[in-house]
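Structure first, commentary second.
The values are calculated or read from the model by the stated rules, or taken from the named source; none is laboratory data. None of the values given here were measured: they were computed from a predicted structure. FYI the Cβ positions are ideal-geometry reconstructions off the backbone, even for glycines, and counts take in every protein chain you see. Side chains included, ligands, DNA and RNA excluded: accessible areas come from the protein's heavy atoms. Shrake-Rupley method; radii C 1.70, N 1.55, O 1.52, S 1.80 Å.
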Amino acid sequence: MTTTTQQPSAAAAPEPPESRRSTLTLRLAQLGSLRVAFVLAVIWIVFQTQNDSFLTSFNLTNLVLQIAGVGTISIGVVLILLLGEIDLSVGAVSGLAAAVMAVLNVKHGWSAEAAIAAGLATGAAIGLLNGFFVTRFAIPSFVVTLAGLLAWQGALLLVLGSTGTVNLSDDTIVGLTGTFYGDVFGWIMVAVIVGAFVASGVLERVRRTRAGLDPPNPAAFIAQIVLVAAGLIASVLVLTSDRGIPLAGLILIGMCALFVFLTTRTVFGRHVFAVGGNAEAARRSGIRVTRVRLIVFTLASTLAAAGGIMLAARLLAVNQGSGGSDLLLLAIAGPVIAGTSLFGGRGSVWHALLGALVIGSISNGMDLLALESSVKFMITGGVLLVAVVIDAVIKTQRERAGAGR
């Protein structure tokens, strides 16, 4: 009688430490928005303990107004990052577009609507020009937009002329950040948004079922509904206890929802992710890579112009410093902190909103604590560096996990 000794199977072998670390990193990456929400909660708690005015309805309303312009610019930054590109000119473009609007409205008597349209058209033209140089001459977007950063700052000074500052008083322009809505509107908004969220989830479930794919986890979907509803109800209660629901916040959320739909529910959106993931593979699949890049650069600069107009409306003026200071840093840092990859092909437009909340909360809290500008810049830069390091680590672990399959 012979006996055979069974060798332990490979599945029973202990998982190496490197594999465990890789799995943990990927799981943390998959938490996505929940991770950012947790970080935001920690930031709010820290600043509230240092200054009990931080979580007042007055300050939170101000926070919404502060992030509206930066968040709008960040939406365009997300689109650029999804391509694996960068746009360093968005800050300067926002200032130039606001200056064009202000000068046409105040000095030349254009109507607010026509002046705003001209500002947006200025941004669109600059974005098309950026995309042209990137695609036609294969110049890295870093170089093209760095040149734009300098050139459009000069154009801003030229447009403003010798006056240097243009004050805004038109009710339509100022109303972009000075209009607020009451309780009834707020509760109608909650019902509409929650209903749309539920309908979208149900349609997604039906679509995946018909395609033979596993439907989303119902428990997770219900949890998302509860979180969205709770967040909206809390927001309405807080904001309406002060001045009301700000139009600027509604514009930002509406723009986010529009571009989330564009990037996740349309063919163009899938092409953006494909080009950002692997441009050569996308080209061989028949995707018109040049066209996608041109459109994205145009959209990014148009959104930068929209953000600049909202910032000008909040400050009631445009001056030689518009679009400067730390605006570019904040617009790029927000989406990266929220999880949009600098390496392309991974991210969400909602990261623009979440990132703006995180970076705006840090800036707002530091202002309440009256920290010096030097400290504020160092802290913001440190937060961005940490986010980039996390993004690089996640990218490395994803590549290792893919190579191990």
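Structural remarks
- The amide H of TYR181, built 1.01 Å from its N in the peptide plane, has ILE245, LEU247 as neighbours under 5 Å, considering only residues 5 or more places off or on other chains.
- The stretch 227-330 - Debye-derived log10 I(q)/I(0), Cα point model, q = 0.14, 0.17, 0.18 Å⁻¹: -0.81, -0.98, -1.02
- Note on the stretch 289-386: the alpha carbon radius of gyration divided by the globular reference 2.2 N^0.38 Å gives 1.19.
- Entry note: the chain has Rg to Rh equal to 1.02, where both radii use alpha-carbon atoms and Rh is the Kirkwood radius.
- The order of the peptides 351-359, 37-45 by mean Cβ neighbours within 10 Å, most packed first, is 351-359, 37-45.
- ³J(HN,Hα), Karplus 6.51/-1.76/1.60, whole Hz, each residue of the stretch 267-278, x for Gly, Pro: 5, 4, x, 5, 5, 4, 5, 5, 5, x, x, 6
- Residues of the stretch 75-93 with amide N under 14 Å of the 7 Å Cα→Cβ point at LEU146: 86-89
- Burial ranking of peptide ranges 151-164, 199-212 (average Cβ count within 10 Å, highest at the top): 151-164, 199-212
- The accessible surface of the stretch 125-166, taken with every protein chain in place and a 1.4 Å probe, is 77 percent carbon and sulfur.
- A crude spin-label estimate for the pair ALA392 and VAL206, with each label 7 Å from Cα along the Cβ direction, gives 4.7 nm.
- Surface share of carbon and sulfur [accessible, 1.4 angstrom probe, percent] for the stretch 338-389: 73 percent
- Relative intensity, log₁₀ I(q)/I(0), of the stretch 166-238 from a Debye sum that treats every alpha carbon as a point, q = 0.11, 0.20 Å⁻¹: -0.47, -0.88
- Inter-part distance where the stretch 250-307 and the stretch 30-82 are each reduced to a Cα centre, Å: 24 Å
- Tail fraction, Cα-Cα pairs, the stretch 87-161, threshold 14 Å, whole percent: 59 percent
- Placing +1 on each Lys and Arg Cβ and -1 on each Asp and Glu Cβ, with no other charges, gives the chain a dipole about its Cα centre of roughly 1520 debye.
- You can think of it this way: the chain between SER241 and ASN51 has 66.4 nm of extra reach, that is 0.36 nm per residue less the Cα-Cα gap.
- Using the average count of surrounding beta-carbon atoms within 10 Å as a protection proxy, the listed peptides 282-293, 368-379 rank, highest first, as 282-293, 368-379.
- Residue-normalised accessible area of the stretch 270-353, expressed per residue, 1.4 Å probe, Å²: 39 Å²
- For the stretch 186-283, the Kirkwood hydrodynamic radius from C-alpha pairs, put into Stokes-Einstein at 4 °C and a viscosity of 1.567 mPa s, yields a diffusion coefficient of 82 µm² per second.
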